[in-house]
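Written out below as structure tokens is the structure these notes cover.
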Amino acid sequence: MKIILYTKAGCPWCKGVLDLFAEKGVVYEEREVRSNKVYFDELVAKSGQTKTPTLDIDGEIIADSDREAVAVYLKGKGVAGF
């Protein structure tokens with residue numbers, strides 16, 4: 001499973017997802033969009049919006065999410081530890 005997590009520095013919802021991933025040992029790639037225009041443009045192209053956290057999980061976009069929604073999604077996908 002490939003996970004790309006689009007974040008913005010200072011975003012409390014992003015921190016929640018980052019903390020969740022650290023607690024559960026989830027392997028992911030973080031792309032901070034405020035400091036990188038390429039990542040920002042990629043976020044908009046994939047999701048049609050600018051809000052974070054947004055995830056790309058094996059090509060499925062979970063836009064403007066939070067810790068609880070991400071945990072429910074990963075549990076539904078049968079990811080270990082959820």
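Helical content of the chain, expressed as a calculated mean residue ellipticity at 222 nm, amounts to -12500 deg cm²/dmol (DSSP H runs of 4 or more residues, -39,500 (n - 2.57) each, divided by residue number, nearest 500).
Rounded to the nearest 10 degrees, the angle from helix 67-76 to the longest Cα principal axis of the chain is 50 degrees.
Looking at the chain, the DSSP beta bridges with both ends there are about 65 percent antiparallel. Ranking Leu74, Val27, Ser47 by how far each Cα lies toward the positive end of the dipole of region 3-76 (charges on Cβ) leaves Ser47 at the top.
Only lysine pairs 8 or more places apart or on separate chains count here, and in the chain those with Cα atoms under 13 Å apart total 4. In the chain, Cα pairs under 8 Å separated by at least six residues give a relative contact order of 35 percent.
Read the figures in this text as sums done on the coordinates, not as results from a lab. The model shown is predicted, which means the values in this text are computed figures rather than measured ones. With ideal geometry, Cβ positions are generated from the backbone for all residues, glycine too; neighbour counts draw on all protein chains shown.
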